[in-house]
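Presented below is the structure to which this report refers.
The values are calculated or read from the model by the stated rules, or taken from the named source; none is laboratory data. From a predicted model like this one, the values you see are computed outputs, not experimental measurements. Here the Cβ positions follow ideal geometry from the backbone for every residue, glycine too, while neighbour counts run over all protein chains shown. To get the accessible areas, we keep the full protein, side chains included, count just its heavy atoms, and leave off ligands, DNA and RNA. Shrake-Rupley method; radii C 1.70, N 1.55, O 1.52, S 1.80 Å.
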Amino acid sequence: MAGGPAVASALLAGPGERRVLLPAHIAEQPAPAHGAIRDFAGVSMGTGWSVRLVDHGRAATLPPRLQQGLQGQLDQVVAQMSHWESDSDLGRFNLAEAGSWRRLPEEFFTVLAFAMRVARDTGDAYDPCAGAMVNLWGFGPAGGFERPGFAPPDAAQVARLLERRRQARVELDHAGRRARQPGGVLLDLSAVAKGYGVDRLAEYLEAQGIRHYLVEVGGELRGAGVKPDGQPWWVALEQPGATASAGGELVLALHGLAVATSGDYRRYFNADAADAADSSSPAHTRPQRYSHTIDPRTGMPIANQLASVTVVHAQCMAADAWSTALTVLGPEAGLALADRLGLAARFVLRTPDGYAERLSAAFQQMLA
């Protein structure tokens with residue numbers, strides 16, 4: 001592991017200040033002469049998607065049925081990897097017989113194998129096989145946390161699930177593109193599939209000969225090329241809560257880059273006071289605010305001061321997974337790992353004075 005954090009904790013920039021992040025390399029290919037920006041949009045994965053691209057100045061030069069082709073890319077991701085659909089490839093794996101091997105579609109296997117590498121590199125701080133834990137805390141497809149009277153699981157329930165997880169591990173057969181269901185393991189790729197969907201849209205555009213575009217799915221983005229005026233695709237980075245006004249604007253030139261943010265401010269619940277009233281209950285010592293991000297090592301929602309982690313990467317799938325993994329690891333271990341792996345990451349922490357940030361060395365190098 002690397003030494004201490006490359007950048008010590010610092011208060012965010014003052015109101016009205018604007019900081020700019022630039023890619024290390026700028027491609028010299030200009031946008032088409034007289035090109036125009038065209039917009040496409042739709043719905044997938046419980047959220048919206050959008051594409052902005054530069055044509056050659058004539059809409060007729062765009063591939064036919066481009067809207068349907070873009071939607072089809074995301075429909076395929078859902079059909080293979082949705083844990084909300086029992087008839088998806090992932091849903092069928094989750095219901096498969098204990099000890100059975102299942103051959104997976106190439107895209108599904110690629111995403112699962114990548115997610116399991118991130119799990120290995122983080123000591124299981126991130127785990128695509130932790131769907132049962134997410135369900136236990138009421139954040140899975142069946143819901144629960146939003147229903148009146150929902151109570152957090154007790155320590156015994158969490159301990160039983162942790163023990164079951166230790167005894168049942170998914171195995172991968174790379175040569176045969178197969179995965180083994182040990183029995184009862186519920187895959188949940190929600191922390192990586194959306195980013196993969198962004199990459200699929202970008203790759204589809206590239207295959208159609210489109211080189212200048214900005215792709216977005218549920219707030220995660222990837223861009224390439226430039227706009228007709230020669231400017232890159234400028235995007236404001238997602239900010240938790242009041243940090244946008246307290247810390248000024250932070251903008252990124254999405255030129256051959258993708259960006260994803262994980263934050264505990266998106267989905268959470270507050271436990272009722274009655275849940276913690278009994279001092280003999282394990283719930284009594286838990287924080288009252290329960291994040292939807294679960295630490296697979298403890299079976300508990302994270303409680304590590306982090307409000308959000310943003311990762312900038314060439315692949316949105318990687319930015320998506322790593323933003324979640326670093327959030328679970330926390331500001332110290334997360335920043336150390338980001339520096340060791342050369343990840344461009346921004347950590348926003350809650351402090352008694354408001355918010356503070358820590359930047360990995362790679363992120364700091366992008367600041368103009």
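Quick notes
- Every residue from the stretch 111-125 that is in contact (Cβ under 8 Å) with a residue 12 or more places away in the chain and open to solvent by 30 Å² or more (accessible area, probe 1.4 Å): M116, D121, G123, D124
- Neighbours by Cβ (under 6 Å, 6+ apart or cross-chain): first from the stretch 212-236, without any contact (Cβ under 8 Å) to a residue 60 or more places away in the chain; second open to solvent by 20 Å² or more (accessible area, probe 1.4 Å) and assigned to a strand (DSSP E or B): G223/L214; V235/L221; A236/E249
- Screening the stretch 227-279 for residues that are part of a loop (DSSP other than H, G, I, E, B), open to solvent by less than 60 Å² (accessible area, probe 1.4 Å) and among the hydrophobic types (A, V, I, L, M, F, W, C) and picking the one that is modelled with the lowest pLDDT gives A242.
- Taken over the stretch 126-149, the residue count meeting the criterion of being open to solvent by less than 20 Å² (accessible area, probe 1.4 Å) and of a type in the set (A, V, I, L, M) is 2.
- Test result for V170, within 30 Å of H56 (Cβ to Cβ), under 25 Å from the mean Cα position of the chain (by Cα), at pLDDT 95 or above and of a type in the set (V, I, T): no
- Among the residues of the stretch 64-98, those that are assigned to a loop (DSSP other than H, G, I, E, B), open to solvent by 30 Å² or more (accessible area, probe 1.4 Å) and touching a residue at least 12 places away in the same chain (Cβ under 8 Å) comprise H83, W84, E97, A98.
- Just one residue in the set E220, E203 is surrounded by 15 or more Cβ atoms within 10 Å (Cβ to Cβ) and among the acidic types (D, E); that residue is E220.
- Residues in the stretch 150-179 that are open to solvent by less than 40 Å² (accessible area, probe 1.4 Å) and part of a helix (DSSP H, G or I): V158, L161, L162, R165.
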